[in-house]
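Here is the structure we will look at.
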Amino acid sequence: MHPELAVRRPGVLNTKMEDHKAALQGWFDTLDSHLYRLYLITGRDDFAKALPLIRRLREETAAVDGTSLDQAQGLQELGEQLRHLMLTLVDERETPAQAGYDLQEQINV
């Protein structure tokens, strides 16, 4: 590899990593707000259970500096926990008719 490229490459990788971290943090914010809103609308604690996990993911993502595989593995494990929890929520969800209320009516309140 050309010496100039070898010097610039870490900077480029760090910039990309920071961009990816920022995008991931934005996604966590969106997911957090949607789940919290579902919790408020439905009153189901299941939606609130994901919030601490999202907070941990947010903290772990902010701490990633690219120097350790343990950081990436920790994020992967937390992501898998979130995926499992979300699949559980999807499997256990009730339709508005089953729950006895109209979600659109609740949103417009």
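Here are a few things to note about the model shown:
- Over all other residues within a Cβ to Cβ distance under 13 Å of residue 48, the charged ones net out to +1, with Lys and Arg as +1 and Asp and Glu as -1.
- Length gained on full extension, residue 15 to residue 71, computed as 0.36 nm times the residue gap minus the Cα-Cα distance: 18.4 nm.
- All other residues whose Cβ lies under 14 angstrom from that of residue 69 are scored, Lys and Arg at +1 and Asp and Glu at -1, for a net of -4.
- Charged neighbours of residue 26, selected by a Cβ distance under 12 Å, balance to -1 (K, R count +1; D, E count -1).
Throughout, read-outs are computed from the coordinates displayed, never taken from laboratory work. What you see is a predicted model, and the numbers here were worked out from it, not measured in a lab. Cβ atoms come from the backbone with ideal geometry, glycine included; neighbour counts cover every protein chain shown.
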